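Worksheet: one structure, shown below.
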Amino acid sequence: MPGVVVEQTHPLWPPLDPIPLCRSHEHACVRCSLLRPDPAQRGRLVEIRDNLIDRITEAEQQGWPGEIEGLRVSLSGAESKINQIDTTAGSGPVLLGTPAQR
């Protein structure tokens, strides 16, 4: 059921994040722009990205244009998640300071 959200754990994201329950395609979690990936799972996302690249190559060789398009959408999502991890890694908390009394 697309659009249904359930509370559960997922190996790529920290516990307690809502996970969209979507059975319409294989890489629903990678495609979801609302989920923040767990930095500890960066290696797994790289594996997923590499597998998607291999599958796109196979689909091109087999002449499966519909499959290619779907895999490219998933690849874009996987690369986006990896970039999210890379840009936020090591940034730590932002210290705003103590407000001054007027």
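The values are calculated or read from the model by the stated rules, or taken from the named source; none is laboratory data. Quick caveat: nothing in here was measured; it's all calculated off a predicted structure. All Cβ positions, glycine included, derive from the backbone under ideal geometry; neighbour counts span all protein chains shown. Remember, those area values only see protein heavy atoms, side chains included, never the ligands or the DNA or RNA. Shrake-Rupley method; radii C 1.70, N 1.55, O 1.52, S 1.80 Å.
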Top-ranked residue in the stretch 72-102 [being in contact (Cβ under 8 Å) with a residue 12 or more places away in the chain and among the basic types (Lys, Arg); ranked as nearest to ASP50 (Cα to Cα)]: ARG72
Pairs where the first residue, in the stretch 41-55, is under 19 Å from GLY70 (Cβ atoms) and the second is open to solvent by 50 Å² or more (accessible area, probe 1.4 Å), C-beta under 7 Å, 6+ apart: ARG49/GLU79
Residues of the stretch 36-75 classified as open to solvent by 40 Å² or more (accessible area, probe 1.4 Å), among the small types (Gly, Ala, Ser) and part of a helix (DSSP H, G or I), total: 3
